[in-house]
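First up is the structure itself, then whatever we jot down about it.
The values are calculated or read from the model by the stated rules, or taken from the named source; none is laboratory data. As the structure is a computational prediction, the values presented were derived from the model and not from experiment. Virtual Cβ from ideal backbone geometry, glycine too; neighbours counted across all protein chains shown. The protein model used for the area step is the full one, side chains on, heavy atoms only, and it has no ligands, DNA or RNA in it. Shrake-Rupley method; radii C 1.70, N 1.55, O 1.52, S 1.80 Å.
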Amino acid sequence: MAEIIEFFLDYAQQNSCAECIPCRIGTKRMQEIVKKIFDGSISDREVSLLYDFAEDIGASSKCDLGKMAGKAVKFALQYCKDDIDAHIKGSCGHSIPANPGWQAIMMK
Amino acid sequence: MANVTLTIDGQKVTVPEGTTILKAAEKAGVKIPTLCFLEHVGLRHIKHDVGACRVCVVEVEGKKDFVSSCNTPVEEGMVVRTHTPKVIAARKLNLEMMLSDHHLDCPTCPKNGICELQAICAELNVRQIRPQGEKKDFPIDDSSPSIVRNPNKCIVCQRCITACKVLQTVDALELYGNGFDAVVRPKGGLPLIETQCVACGQCALVCPTAAIVEKDDTWKVWEAIADPKKHVVVQTAPATHVTIGEAFGLPVGTDITGKMVAALKRLGFDAVFDTNWSADLTIMEEGYELIHRIKNGGVLPQFTSCSPGWIKFIEEFYPDLIPHVSTCKSPQQMLGPIAKTYYAEKKGINPEDIFVVSVMPCTAKKYEAARPEMNAASKYWNNPNITRDVDVVLTSRELIRMIREAGIDFASLPDEPYDPIMGEGTGAAQIFGATGGVMEAALRTAYEVVTGKTLPKLDFEDVRGMKDIKEASVNMNGVTVKVLVAHSLGAARQLMDKVRAGELKDYHFIEIMACPGGCIGGGGQPIPTTVEERENRIKGIYERDKKLKIRKSHENPEIQAIYREFLKEPLGHKSHQLLHTHYTPRGKK
Ligand code: SF4
Ligand code: SF4
Ligand code: SF4
Ligand code: FES
């Protein structure tokens, strides 16, 4: 799940029209925090900030791209917390099986 | 139009269909904070509501997400909450995000104290910046003599794009790139000076931060004043007479002429002159040029040439129409060479030592003074040590800063008079500061010169006011002279397309001012310069005109003197040497 939100945020950053602040800067800041999940350097403060970001970006972005990025992170944190915690500890739980075709589908 | 009733923070309010939540809230006495929204960009019909900052978000019952109130129309029965904890938290976090990508050197920032980003953070009680991370890092663009761009302060609100593209139709700026790396930049990523930018500064007036500001030349003036060898003279544009006071707590539009002169003397200038004087000179030259064109079948309609933003615009976009433009220099560029010739002679000062400073409402005037051909005094004396006709141009904002730096208590200064030789200005010159003013001043003189009669009524009401395009006609000895006035370059473009299509053949004279409202709305004026400020300054301009003893340029005794003693006659040899110019076709080949 951590990989999926990372991918989602990269996608949002690359495609954000940059018109609104939450999508333009917020998804970048989330991206920066999410990267820290992988090397375990993320702090509790940053996890809680990630929650706040997700909530705010999901609700206050101008269009669905930013809203979806926010909501994706929000749901991941809500429903796949185990997997993310496992990542932070350095042991990937893979609570959601990797799907090799997913990227290809999304990028079309 | 149908009415819509909704509830805002528990209050019922009824507004016409199509009203935004923001406006409806205002009616209910609820203030929703905004940052990127601008109700009028220069003119009443130009709105900026792209919804970029997300500071104005509110909760609407039944909707999962927030909506931005600045651009969401009301719906029947809507229930809106403007300051729930969720909304307040979202506004703060949106601002924190913005600040996390902002070079926060507020104490040394040119916008310190008049920055809208600072103000909104204070208003919304933002006390921390939780998100941290990469910050954008772009080079500062100071390629233009008028404008400095610091993209690191840009919050991508795009107000400048609306000003440049919709109001001015110059379209020199663009939002480029995606996501975090996006930036508002001159088209094609070029330095601003290489684009079609006309240096009007309307972008700087609306920029909420210091991402676009005027180039600060105050230090050059401090140094010149301190140099004992230099004889530093200063001229003040008509629009400044009713604006400088704003910054010192006086009501917008107050006539502060006498106080401004006193302040300039205290700053240490050797002589304080009035651009109103050279505006009267412009009227003589330009009025005679018009009469000459009408009598001799010259190119008509004649266009005014006082607004350098407009001059760059016609050079860029309508080079084929350049023959219509009056060859007269602007008042600023008339006073410069006269200071270094006529005045220098009369006072026995070496023209090399004369340093001319202008105080202008305009950023484009900096560009104008820097134009290579503006060195008439040097050519006149055949002396390369005399460089520019006008050495430094200060905007109103810069003069205000110098007055503050010097610790002058502006509001309590006594009135002092301008210095003789180039200090007398008439009411006709005064109204140059407002849209329609040059036209009205020209008509006051042309009518009397052509008919030999005294004008029954001096006020040409038809060419006054904030309407984009205005029209009037006057009968002079059986010829009906038809004139048009436009302000803002969007309106100028409408007229130019018609001239190009041959539709305005029976018009004689067209006045164009690049800035909305004319010079009082110039890109160098105090911030804010809203439509209301523009209107109040215009009122101040016409009040001062009414108060002045002499209200027609040709009756100015100092103008009569310079023709008697030096120029001999309008459009004469010396006039051509010093007061007339030529233009350069530019634009995409
Ligand atoms: S633009 Fe405003 S917020 Fe930014 S540094 Fe300048 S004063 Fe501060
Ligand atoms: S100075 Fe005028 S023309 Fe140049 S970018 Fe700004 S608004 Fe556009
Ligand atoms: S330069 Fe100023 S007006 Fe233009 S987008 Fe940036 S902050 Fe907004
Ligand atoms: S003021 Fe409405 S989004 Fe900026």
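Provide the percentage of antiparallel DSSP beta bridges, counting only those with both residues in the protein assembly as shown; round to the nearest 5. About 55 percent, rounded to the nearest 5. Of all alpha-carbon pairs in segment B:1-127, indicate the percentage at a distance above 19 angstrom. Above the 19 Å cut-off, segment B:1-127 has 52 percent of its Cα pairs. Indicate the residues belonging to segment A:26-48 that lose 50 Å² or more of solvent-accessible heavy-atom surface (probe 1.4 Å) upon moving from the chain alone to the assembly of all protein chains, ignoring ligands and nucleic acids. Relative to the lone chain, where solvent access is computed with a 1.4 Å probe, segment A:26-48 loses at least 50 Å² at A:Lys28, A:Arg29.
Past 25 Å, Cα to Cα: identify those pairs from B:Lys346/B:Lys568; A:Lys28/A:Lys62; A:Lys74/B:Lys27; B:Lys467/B:Lys549, in the order given. Listed pairs above 25 Å: A:Lys74/B:Lys27; B:Lys467/B:Lys549.
The residues A:Asp52, B:Asp181, sorted by heavy-atom accessible surface at 1.4 Å with ligands and nucleic acids left out, run B:Asp181, A:Asp52 from largest to smallest.
Interface area, chains B and A: about 2400 Å² of buried accessible surface, summed, with a 1.4 Å probe and ligands, DNA and RNA left out. The share of accessible area on the protein assembly as shown that comes from carbon and sulfur is 53 percent, using a 1.4 angstrom probe. Accessible surface for chain B, divided over its residues, is 37 Å² per residue with a 1.4 Å probe. Compute the Cα gyration tensor for chain B, then decide on rounded, prolate or oblate, letting a ≥ b ≥ c be the square roots of its eigenvalues: rounded whenever a/c is under 1.5, prolate when a/b is larger than b/c in the other cases, and oblate in all that remain. Since a/c reaches 1.5 and a/b is larger than b/c, the shape of chain B is classed as prolate. I need the shape label for the protein assembly as shown. Rule: rounded when a/c is under 1.5, else prolate if a/b > b/c, else oblate, with a, b, c from the alpha carbon gyration tensor. Since a/c reaches 1.5 and a/b is larger than b/c, the shape of the protein assembly as shown is classed as prolate. Rounded to the nearest 20, the size of the Cβ-charge dipole of chain B about its Cα centre is 400 debye, with Lys and Arg at +1 and Asp and Glu at -1. The charge dipole of segment B:433-525, taken about its Cα centre with unit charges on the Cβ atoms of Lys, Arg (+1), Asp and Glu (-1) only, comes to about 80 debye.
Using C-alpha pairs below 8 Å separated by at least 6 residues, the relative contact order for chain B is 16 percent.
Quick check: from the Cα gyration tensor, does segment B:365-473 come out rounded (a/c under 1.5), prolate or oblate? In terms of gyration-tensor shape, oblate. From the residues B:Met422, A:Ser48, B:Ala204, which one has its Cα farthest along the dipole of the protein assembly as shown in the positive direction, the dipole being from +1 and -1 charges on Cβ of Lys/Arg and Asp/Glu about the Cα centre? Projecting each Cα onto the dipole axis, the largest value belongs to B:Met422. When only the Cβ of Lys, Arg, Asp and Glu is charged (+1, +1, -1, -1), the dipole of segment B:16-62 relative to its Cα centre reaches about 200 debye.
Antiparallel versus total DSSP beta bridges in chain B: what percent is that, nearest 5? Counting only bridges with both partners in chain B, antiparallel ones make up about 55 percent. Ranking of A:Tyr79, B:Tyr288 by solvent-accessible surface, largest first: A:Tyr79, B:Tyr288 (1.4 Å probe, protein heavy atoms only, all chains present).
Over chain B, DSSP H runs of length four or greater, each weighted -39,500 (n - 2.57), average out per residue to a 222 nm ellipticity of -9000 deg cm²/dmol.
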